[in-house]
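**Q** Sending over a structure as C-alpha cells; questions will come in a sec.
Nothing in this text is a laboratory measurement; each read-out follows from the coordinates by a stated rule. Everything numeric here is computed off the predicted structure, so don't read it as measured data. FYI the Cβ positions are ideal-geometry reconstructions off the backbone, even for glycines, and counts take in every protein chain you see.
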Amino acid sequence: MSGQLQTSLRRQRGMSFWTLILYVCGFALIILFSAKLAPAYVDAMHVENGLKGLAEKENLRDMSRGEIVRDLQTYFTLNNVRGEPAKSVKVIRGADGVLVSIDYELREPLLHNIDVVMKFNKQLNTAKPELCCEPLVELEQYRKRD
C-alpha cells in the first residue's frame, strides 16, 4: 500500500516552476494584446454607432456633405474617437441615395518590430439603412480619384 501511496503522491506534486513561468508569460501576452488592440475595436464600435445614429436622421438625404461630416465629427469628439476613423469619412452622393463610408487601416506596434494591422470598413447607404455598417459597395474606383 505504501508503494501506491508514493506513486500517487508523485503524480500530485503540482505544476513545475517552468510550467508556472509558461502560464504567466501566456497571461502577460493576452494582457498585452488586449491593451494594444482593444482601443481600436472600441473606436470601431463608436464609428458603427455614429453611422447608426446618422441612419436614424430623417433629413440625411437633404444634408450637405459638410453637414454629414460635421455631425459625425461631433459624435466622434464626444466619444473620444481620434486619428484614422475621424479622418477617413467619405460621403458619396448617388442617384438612389447617399453613401457614407469610413474605411481605414490601423497599424499598432506590438513588440519591437512586430506590428498588428487592423482593417475596418463601415458603410451607411441611405438606400438600405437597415443594412447599416456592413460594406455593400467596393470603393476602389473612388480611391483612385482622391
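**Q** Binned at 5 Å from 0, what are the whole-percent values of the Cα-Cα distance distribution for region 46-103, short to long?
**A** It works out to 4, 19, 35, 26, 12, 4, 1, in whole percents.
**Q** If you don't mind, another one. How much net charge surrounds K52 when only the other residues with a Cβ under 14 Å from the Cβ of K52 are counted, with Lys and Arg +1 and Asp and Glu -1?
**A** The answer is -2.
**Q** Now for a separate question. Lysine pairs in region 16-143 with Cα distance under 17 Å, only those 8 or more apart or on different chains: how many are there?
**A** Pairs that pass both the separation and distance tests number 9.
**Q** Which entry is the computed mean projected area of the Cα convex hull in nm² for this structure: (1) 14.8; (2) 8.2; (3) 9.3?
**A** Structure-derived value, by its label: (1).
**Q** Sticking with this structure for a sec: I need the helices of the chain that pass two filters: whole DSSP H segments spanning 18 Å or more by Cα along the axis, and mean Kyte-Doolittle score no lower than -0.5.
**A** Span-like helices here: 17-55, 65-78.
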